[in-house]
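Data block below; observations after.
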């Protein structure tokens, strides 16, 4: 029995993007769809028995019609190929308001064949080409679904998370106790497990997570545990059961610059004893967009700081790559970098994420490709404050003051005319 485990597609992430002239769509949307296509192609070409998606189809809890259409196209391909697919709901798939439909509900509403929606904690007995397999789905848990108002009264966020952790652990244990030991069993969940490591930026996380102990999911009845939510691919437990995060299919930000991206191909011997069913779990890499940080430390004895920067840039393959450049140099070279030459050298890149210059510990940030001469002074200020990560309260004050200055300047000019 052959399975595929993937997660965190995040259709809708469009940072480092430009418009694709052939489609009129964001180039980053095409990136994310392209890596998803690699998963779907692998499933169909390998004639897998089951695909398990461990949550977060979209960036937004309210995806656009275009994003929903493109994801549905790919799931439909699996359905048409008669490959069952389990869709576990992640935190990005669930609306913040209770009672509203989730972004994956449509598959159940339309009763799409071969699609099993994991929108609650339950066991699914899935009939595959190679026989039956049991899949327990544990979607992202909304606090309002697990706790009553009385339970939450007076509790801190940490205490509420602790209650959720206990309840989820109990639910998993109870569902596992009812599994048929003679049939292969998988746990598929969108959750954070203690010990999981995240990439340095991890900007996609929404709010503070509850965290389950590894012992809550590493029950011997499971042949494999398929996890989503953490973007860094990793193995939490190599003993039985193997517990894997497949990670996101595309690099979200520079915190994931050095992460491998892909999915797991799993083989289970359904005829083996329950202690020896998992034969292998191979990680298959996809062609995710490369993110590259070029770091240049200008030497004090350098005759020409611009040439040293250009020389470092020339060592890297920039084509189809998102690039950011960081330059550190002594204050004696301040003002001696030729910006136009540096930007010309970076033109082959798919996207220039920005250039930053540090001089004697004080960082000079240059606006990236978003800036051009047509951008208004106010928008330029907003971009600068964002890059410098100025607290919102202070940013708002600075923007208000700038607005007043610009307005007063305009009034003075009008009075003079």
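Side notes on the structure shown:
- Sub-9 Å Cβ pairs linking a first residue in the range 139-161 that is part of a loop (DSSP other than H, G, I, E, B) to a second residue that is at pLDDT below 75, at least 6 apart or interchain, are 142/96; 142/98; 155/147, ordered by first then second residue.
- Qualifying residue in the range 220-228 (condition: part of a strand (DSSP E or B), closer than 30 Å to residue 333 by Cα and without any contact (Cβ under 8 Å) to a residue 40 or more places away in the chain): no
- Residue check for residue 315: over 25 Å from residue 88 (Cβ atoms), out of contact with any helix residue (DSSP H, G or I) (no Cβ under 6 Å at 6 or more places or on another chain), outside any loop (DSSP other than H, G, I, E, B) and at pLDDT 95 or above: no
- Selection within the range 90-124 - part of a strand (DSSP E or B) and either out of contact with any strand residue (DSSP E or B) (no Cβ under 6 Å at 6 or more places or on another chain) or touching a residue at least 40 places away in the same chain (Cβ under 8 Å) (or both): 115, 118, 122, 123
- Yes/no for residue 156 being farther than 19 Å from residue 89 by Cα and either modelled with pLDDT of 95 or more or crowded, with 19+ Cβ neighbours inside 10 Å (or both): no
- Considering the range 46-55, the residues that are at pLDDT 95 or above, in contact with a strand residue (DSSP E or B) (Cβ under 7 Å, 6 or more places away or on another chain) and not in a strand (DSSP E or B) include one that is surrounded by the most Cβ atoms within 10 Å (Cβ to Cβ), namely 54.
- Residues of the range 15-26 that are free of Cβ contacts under 8 Å to residues at least 40 places away in the same chain and either within 18 Å of the chain's Cα centre (by Cα) or assigned to a strand (DSSP E or B) (or both): 19, 26.
- Residue that is within 22 Å of the chain's Cα centre (by Cα), over 30 Å from residue 280 (Cα atoms), free of Cβ contacts under 8 Å to residues at least 60 places away in the same chain and outside any loop (DSSP other than H, G, I, E, B), where the choices are 87, 33, 29: 29
The values are calculated or read from the model by the stated rules, or taken from the named source; none is laboratory data. This structure is a prediction, so every number in the text was calculated from the model and none was measured. Glycine gets a Cβ as well: all are built from the backbone with ideal geometry, and neighbour counts include every protein chain shown.
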